[in-house]
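Since every read-out is calculated from the coordinates, none of them should be taken as a lab result. It should be emphasised that the depicted structure is a prediction, and the values quoted were computed from it without experimental measurement. Positions of Cβ are generated from backbone atoms using ideal geometry, with glycine treated the same way; all protein chains shown enter the neighbour counts.
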Amino acid sequence: MQHWIKLALLCWALCGPANLLAAEPAPLRIGLSAVLLEDQTAFVHAWQHYLQNRLKRPVSFVQRANYREIVTLLQNGKLDSAWLCSYPYITNTKDLRLLAVPVYKGEPVYQSYLIVPAADRKTSSIADLKGKLFAFSDPDSNSGYLVPLYQLSLLKQQPNSFFGKAFFTWSHSKVVEAVASELAHGGAVDGYIWDSLVLLRPELTAQTRIVWKSQDFGFPPFVVRKGLAKADADALRSALLAMQNEEEGRKLLALLNLDGFVPGNDKMFDSVAYMVRKLGD
């Protein structure tokens, strides 16, 4: 009898609640930059809850102030996935894989906007801002840095010598704020963010004027680190792609001012890669 009691205790030790808890899957860690999402704590919690229910595992959103921090965490294996800009994705494809691309206004694309204060009725291009104060968003942002840098290169100019002063706000919404308050005479901003602010803060965007829009670029994608298990990546992709087909998912997408997600492909970012190459020549 004692033998069977010992055996039962051994089974409990190996298979009991404590060990079942220890076997729970590790959280899927998803990086978000403040460049994309700001002051949306309630939304992030709702999205976390939604994904946990679909993936049947814990999900942890990790927010950082800029793209560079997010990329470093991905490269060090401290993040599994991230919503990233196309610029740092293109320059780090050896470490990252494309997962999904958001759809905005029916297409997986967006633009860079050049904005000035609403009172400025003369400026019509970046060339008119010579000697002025200019606001960039993030040095790893396509729309908020790479695009205006490329536009200056076409004029054979560099920002440090062309502008009277240029500075980073580390947020697209803060670029809009800087231009609206005339702390900057111009700024480069993600068109999707500006359009969304029209809905959320119309009194702010009304103090600015769009003077130029870029060509279409592939929308900032969701990526995963290359070391992430294929099953984990596939599950997250499926959950994102399915959002537009579920009522709760559509509500979350509406809060993001997005239509859904598509798998996407690297060709969507060829124009970004082209600018990177030209600026590197």
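Using modelled backbone amide H atoms (1.01 Å from N, in-plane), which distant-in-sequence or interchain residues come within less than 5 Å of W212's amide H?
Answer set, sorted by chain and number: L114.
Between 0 and 90 degrees, rounded to the nearest ten: what's the tilt of helix 41-55 against the longest Cα principal axis of the chain?
Here the helix axis deviates by roughly 50 degrees.
Suppose the chain between K105 and L154 were pulled fully straight at 0.36 nm per residue; how much longer would it get relative to their current alpha carbon spacing?
Taking 0.36 nm per residue and subtracting the Cα distance, the gain is 14.7 nm.
Could you give the distance between the Cα centres of segment 190-218 and segment 121-163, to the whole Å?
The two parts, judged by their Cα centres, are 17 Å apart.
Which value in nm describes the separation of the simple spin-label points at A229 and K213, placed 7 Å from the Cα toward the beta carbon?
Placing both labels 7 Å beyond Cα along the Cβ direction yields 4.4 nm.
Taking the convex hull of the Cα atoms, report for segment 76-184 its projected area averaged over all directions, in nm².
Convex hull of Cα atoms, orientation-averaged projection: 8.7 nm².
Quick check on my link table: of K105/K174; K132/K278; K213/K267; K130/K278; K78/K213; K122/K251, which ones sit more than 29 Å apart, alpha carbon to alpha carbon?
K78/K213; K122/K251
May I ask for the Kirkwood hydrodynamic radius of segment 71-110, worked out over all distinct Cα pairs and given in angstroms to one decimal?
Taking every pair of different Cα atoms in segment 71-110, averaging 1/r and inverting gives 11.2 Å.
Using a cut-off of under 14 Å, list every residue of segment 59-92 whose amide N is near the label point 7 Å from the Cα of Q48 along the Cα-to-beta-carbon line.
59-64
Consider a paramagnetic label point 7 Å from the Cα of E247 along Cα→Cβ; state which residues of segment 45-73 have an amide N under 20 Å from it.
Hits in segment 45-73 for E247 at 20 Å: 46-55.
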